[in-house]
Amino acid sequence: MSRLLALLFPGQGSQEVGMGRDAAVASPGAREIFERADAVLGLPLSRICFEPSGEDELLRTEIQQPAILTVSVALLRALEEQTGLEPACVAGHSLGEYTALVAAGALPFEDAVRIVHARGRYMQEAVPVGQGAMAAVIGCAPDLVEQACAVARAQTGRVVAPANYNGPQQT
């Protein structure tokens with residue numbers, strides 16, 4: 001009986017202090033991924049991920065994005081080392097799409113970590129810290145969310161609009 005492995009990689013918002021530390025300690029492949037990310041970015045991404053002192057930095061989009069990509073690829077390498085399994089199918093949500101491209105062999109890790117670092121920086125520059133907000137609306141059809149945004153926009157004179165249509169009941 002053959003076993004197929006399908007992986008779905010997470011997007012921004014899945015970060016937490018300490019992420020990836022256990023994998024980097026236990027897996028040479030995971031540790032190498034963190035070392036490569038640190039070298040490519042010229043910053044201590046592994047320290048930011050592993051240590052409580054990195055918590056404030058991990059809140060910045062330009063750091064979150066390469067951190068999540070790096071942890072996801074590191075966990076993939078640890079999984080491959082420990083099980084010998086390779087994914088037959090990969091996908092990702094938003095930022096996770098870049099991890100899926102790396103996992104599929106379509107994008108080198110170093111290129112991906114550079115791209116998502118720049119992506120995060122551009123997103124951070126577009127909306128400075130402390131301005132704007134985003135929320136997931138779950139259990140409500142997109143057309144109702146659009147109507148609510150239109151009302152809020154009319155009442156406030158501000159930009160209020162759906163940003164992501166994640167599924168039929170999540171906007």
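Rounded to the nearest 10 degrees, the angle from helix 28-41 to the longest Cα principal axis of the chain is 60 degrees. The heavy atoms of S94 present about 50 square angstrom of accessible area, all protein chains included, probe 1.4 Å. Amide H contacts of G11 (H built 1.01 Å from N, in plane; Pro and chain starts excluded): H93, G96 sit under 5 Å, all sequence-distant by 5 or more or on other chains. Computed on the stretch 15-135, with alpha-carbon pairs under 8 angstrom and 6+ residues apart, the relative contact order is 29 percent.
Computing P(r) over Cα pairs in 10 Å bins from 0, in percent directly from the structure and comparing it against (1) 10, 33, 31, 19, 7, 1, 0; (2) 9, 29, 28, 21, 11, 2; (3) 9, 31, 33, 15, 7, 3, 1, 0 singles out (1). Phi angles across the stretch 60-65 convert, under the Karplus curve 6.51 cos²θ - 1.76 cosθ + 1.60 with θ = phi - 60°, into 3J(HN,Hα) values of 7, 3, 5, 9, 3, 5 Hz, Gly and Pro given as x.
With springs connecting C-alpha atoms under 10 Å apart, model the chain as a Gaussian network and identify which of R36, R121, R158 has the largest mean-square fluctuation. Result: R158 has the largest fluctuation of those listed. Taking 0.36 nm per residue of separation and subtracting the current Cα-Cα distance, fully stretching the chain between A141 and R47 would add 29.7 nm. Rounded to the nearest Hz, the phi-derived 3J(HN,Hα) couplings of the stretch 142-151 under the Karplus curve 6.51 cos²θ - 1.76 cosθ + 1.60 (θ = phi - 60°) are x, 5, 5, 5, 4, 4, 5, 5, 4, 5, where x marks glycine and proline. Under 5 Å between amide hydrogens, built in the peptide plane, is the criterion, and for V90 it picks out L7 among residues at least 5 positions away or on other chains. Sorting L58, L4 by solvent-accessible area of protein heavy atoms yields L4, L58, largest first, with a 1.4 Å probe. Here the sum of -39500 (n - 2.57) over DSSP H runs of 4 or more residues, divided by the residues of the chain, equals -17000 deg cm²/dmol at 222 nm, to the nearest 500.
Considering only A88, A135, A103, and ranking their Cα positions along the charge dipole of the chain that arises from unit charges at the beta-carbon of Lys, Arg, Asp and Glu, the one farthest toward the positive end is A135.
GNM on the chain, alpha-carbon springs under 10 angstrom: the most fluctuating residue among A136, A39, A24 is A136. Here the contact order of the stretch 72-148, divided by its residue count and restricted to Cα pairs under 8 Å and six or more residues apart, works out to 18 percent. At a 1.4 Å probe radius, carbon and sulfur cover how many percent of the accessible area of the chain? Result for the chain: 55 percent of the exposed heavy-atom area is carbon or sulfur.
The values are calculated or read from the model by the stated rules, or taken from the named source; none is laboratory data. This one's a predicted model, so the numbers in the text were calculated from it and none came from an experiment. Virtual Cβ from ideal backbone geometry, glycine too; neighbours counted across all protein chains shown. These accessible areas exclude ligands, DNA and RNA; they are computed on the full protein's heavy atoms, side chains included. Shrake-Rupley method; radii C 1.70, N 1.55, O 1.52, S 1.80 Å.
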